[in-house]
């Protein structure tokens, strides 16, 4: 009996050995890959085939059209309106289970506008805040504004309980604004990283109106705009800043560009894709990145800069070289943090920032540690005594 089973056992053993031998020469090199098939660890998909690679494979490289990469980059997840961020002026709607960002219609908060009357001609609680990214209007034209609702003096909102009066603050709280928004209207921000966490295409964009102040919210970057560090204008900082809305019911720029603190003059306006357009000490301009304290590379520091947007003198924060109180001979000797070469009362000249008024009027103010003084050329922020400019 034992002898008769030996050949059978030998056959099984050989079969098992053969089966193992079939697995040993398996090589992932050259296997097909694409939108569904992924390569094994240590291999990358190149031209539809798996190739050996020392570069870690992106776990999100094969996300389908109905999926998105998880925020922690650990893989893919199904797209829903809950995890699909929309740019300013759009809202998410699911059609057939697919989330889509669709334009808002006036006078809803965030809808595109050119003048205040586009938001609601019967009330002053809705205004057209100026931005930098062009938006498509219902008539097929483009504009740079969005409709926003003003907060009441009591701190509430007039329309209904679905909106909340929200404070918007820049990175250094140097520029503030207030607006009534719904939970899905705007995502407030201080720096770009607040927005790139939602989408790599987003930036911390700026909007302004004399009755709102500075509003910073996550939005798409300006298409075709200058990149960080690139030039964005040609002229010296504007001295006069409009203090009220234009006669057409919109926001008057009075010749001042939307690109930052610069009057573009006869040259074509170049907006920044991200950041703020500021003057540099060599008389040029550059797009400076938004920042928080400690987030800049030397010699730049995180400082409040002076910019003009929608006829409003705003104070966003950006990484710039300090020129505050630096001696000067002309505006082009100063930078974005103190763009005005001003004559002091002792006869010297120093780079200073201009004073700015709060939304809806009021006395011009300066950052803490500074006082607003009337000097030749306008109102300027001067260090409080005993500290003075050199």
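List of remarks:
- In nm, spacing of pseudo-spin labels at residue 227 and residue 198 (7 Å Cα→C-beta vector): 2.5 nm
- When each of the peptides 281-287, 367-373, 166-172 is scored by the mean number of other C-beta atoms lying within 10 Å of its residues, the order from highest to lowest reads 166-172, 281-287, 367-373.
- Burial order of peptide ranges 318-328, 132-142 (average beta-carbon count within 10 Å, highest first): 318-328, 132-142
- Stokes-Einstein D for region 63-157, Kirkwood Rh over Cα pairs, 20 °C, 1.002 mPa s (µm²/s): 141 µm²/s
- In region 180-233, the inverse of the mean reciprocal separation of distinct Cα atoms equals 12.3 Å; this is its Kirkwood hydrodynamic radius.
- Expressed in Å, the radius of gyration and Dmax of the Cα atoms of region 288-379 are 13.4, 37.
- Packing-based ranking of 65-77, 289-301 yields 289-301, 65-77, ordered from highest to lowest mean Cβ neighbour count within 10 Å.
- Shape analysis of region 83-220 places it in the rounded category; the axes a ≥ b ≥ c from the Cα gyration tensor give an a/c below 1.5.
- Straightening the chain between residue 329 and residue 152 buys 59.2 nm, computed as 0.36 nm per residue apart minus the Cα-Cα spacing.
- Relative contact order (percent, whole number), region 52-131, Cα cutoff 8 Å, 6+ residue spacing: 15 percent
- Relative contact order of region 264-337, pairs being alpha-carbon contacts under 8 Å that are 6 or more residues apart, as %: 31 percent
A short reminder: the numbers here are calculations on the coordinates, not readings from a lab. Predicted, not measured: the structure shown is a model, and the values here were computed from it. Quick reminder, even Gly has a Cβ in these numbers, built from the backbone with ideal geometry, and neighbours come from all protein chains shown.
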